[in-house]
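Enquirer: Below are the structure tokens for one structure; questions will follow.
The values are calculated or read from the model by the stated rules, or taken from the named source; none is laboratory data. Keep in mind that this is a model prediction, so the values were computed, not measured. Here Cβ is always computed from backbone atoms with ideal geometry, including for glycine, and neighbour counts include all displayed protein chains. When the accessible area is computed, the model is the full protein with side chains, heavy atoms only, and any ligands, DNA or RNA have been set aside. Shrake-Rupley method; radii C 1.70, N 1.55, O 1.52, S 1.80 Å.
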Amino acid sequence: VRRAAVLAFLTAAIAGLYLTMIGGTPILVAGVLSLALGYLYSMGPLPLSMTPFGELLVVIFFGVIAVSGTAYLHTGGINASTIELGTILGLPAAAVLLINNHRDRETDFRAGRRTLAILLGEGGTRLLYAVLLLSTVGGVAVWLSPLCQVGVIMILALGALALAPYFPPGDAKLA
């Protein structure tokens, strides 16, 4: 695993050098921060993967920085709309991490991890997962066009109906 990680980091660094030639210092800074976060997430005295900040970091780095870096390389700048879209696109990535940590709650707790899923518990994790996914759908609809805003209520209502079986009334586990 470690060898694969080193290979992935080297590949990213080489690709980053090329992108830095195109985008300059902002791309270099984003690349160095991303590589540093990738290392700190799994390594070091207190890996970030053991903290409740993983989902937030995923939204920032897999969403905002990735989308902003791409926009910057294509247009030479970023704006509020870029950051909004990056945030929206980072939400499902955070949901994937959250549900993975949800599955591993018990073993992670015994290993000394304090992920967001551990802190929120089963019911809180389920609720946040639903919010992340519904926010993604609603956010994309709103971001695409103001005309889509009318349909957002219908999309969110359908999403809530689809999630209803996961939140049965009186389920003691959700308390």
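Enquirer: Could you check the range 86-105 and list, in sequence order, the residues that are hydrophobic (A, V, I, L, M, F, W, C) and open to solvent by 40 Å² or more (accessible area, probe 1.4 Å)? Step through it out loud before you land on a result.
Expert: Initially, the range 86-105 is screened for residues hydrophobic (A, V, I, L, M, F, W, C), giving 88-89, 91, 93-99.
Listed by number, the residues that qualify are 89, 96, 99.
Enquirer: Please go through (1) touching a Pro at 6+ places or on another chain (Cβ under 9 Å); (2) open to solvent by 60 Å² or more (accessible area, probe 1.4 Å); (3) at pLDDT 95 or above for residue 116 and return the number of the only condition it doesn't satisfy.
Expert: (2)
Enquirer: A further question follows. If we keep just the residues of the range 42-58 that are open to solvent by less than 60 Å² (accessible area, probe 1.4 Å) and among the hydroxyl-bearing types (Ser, Thr, Tyr), which is farthest from residue 90 (Cα to Cα)?
Expert: If we take residues in the range 42-58 being open to solvent by less than 60 Å² (accessible area, probe 1.4 Å) and among the hydroxyl-bearing types (Ser, Thr, Tyr), then 51 is farthest from residue 90 (Cα to Cα).
Enquirer: Which residue, of 30, 36, is touching a Ser or Thr at 6+ places or on another chain (Cβ under 8 Å), over 21 Å from residue 144 (Cα atoms) and not charged (D, E, K, R)?
Expert: Details: 36 fails: touching a Ser or Thr at 6+ places or on another chain (Cβ under 8 Å).
Of 30, 36, the one residue that is touching a Ser or Thr at 6+ places or on another chain (Cβ under 8 Å), over 21 Å from residue 144 (Cα atoms) and not charged (D, E, K, R) is 30.
Enquirer: Here are the criteria: (1) assigned to a helix (DSSP H, G or I); (2) buried (at least 16 other Cβ atoms within 10 Å of the Cβ). Tell me which single one residue 123 does not satisfy.
Expert: (2)
Enquirer: Check residue 36 against each of (1) closer than 30 Å to residue 131 by Cα; (2) open to solvent by less than 70 Å² (accessible area, probe 1.4 Å); (3) touching a residue at least 24 places away in the same chain (Cβ under 8 Å); (4) part of a helix (DSSP H, G or I) and name the one condition it does not meet.
Expert: (3)
Enquirer: Criterion first (assigned to a helix (DSSP H, G or I), modelled with pLDDT of 95 or more, surrounded by 20 or more Cβ atoms within 10 Å (Cβ to Cβ) and of a type in the set (Val, Ile, Thr)) does residue 67 satisfy it?
Expert: Taking the combined requirement at face value, the residue satisfies it.
Enquirer: Within the range 131-150, identify whether any single residue is among the aliphatic types (A, V, I, L, M), touching a Lys or Arg at 6+ places or on another chain (Cβ under 9 Å) and surrounded by 14 or more Cβ atoms within 10 Å (Cβ to Cβ), and answer yes or no.
Expert: No, because not a single residue in the range 131-150 is among the aliphatic types (A, V, I, L, M), touching a Lys or Arg at 6+ places or on another chain (Cβ under 9 Å) and surrounded by 14 or more Cβ atoms within 10 Å (Cβ to Cβ).
Enquirer: Oh, and also: Of the numbered conditions (1) within 28 Å of residue 28 (Cα to Cα); (2) surrounded by 19 or more Cβ atoms within 10 Å (Cβ to Cβ), residue 79 satisfies every one except a single condition; which is it?
Expert: It is condition (2) that residue 79 fails.
Enquirer: Also, quick follow-up: Just checking, which of 44, 90 is of a type in the set (Gly, Ala, Ser), closer than 30 Å to residue 121 by Cβ and modelled with pLDDT under 95?
Expert: 44
Enquirer: What residue, among those in the range 1-33 that are open to solvent by less than 30 Å² (accessible area, probe 1.4 Å) and among the hydrophobic types (A, V, I, L, M, F, W, C), is nearest to residue 116 (Cα to Cα)?
Expert: Checking each candidate, the answer is 30.
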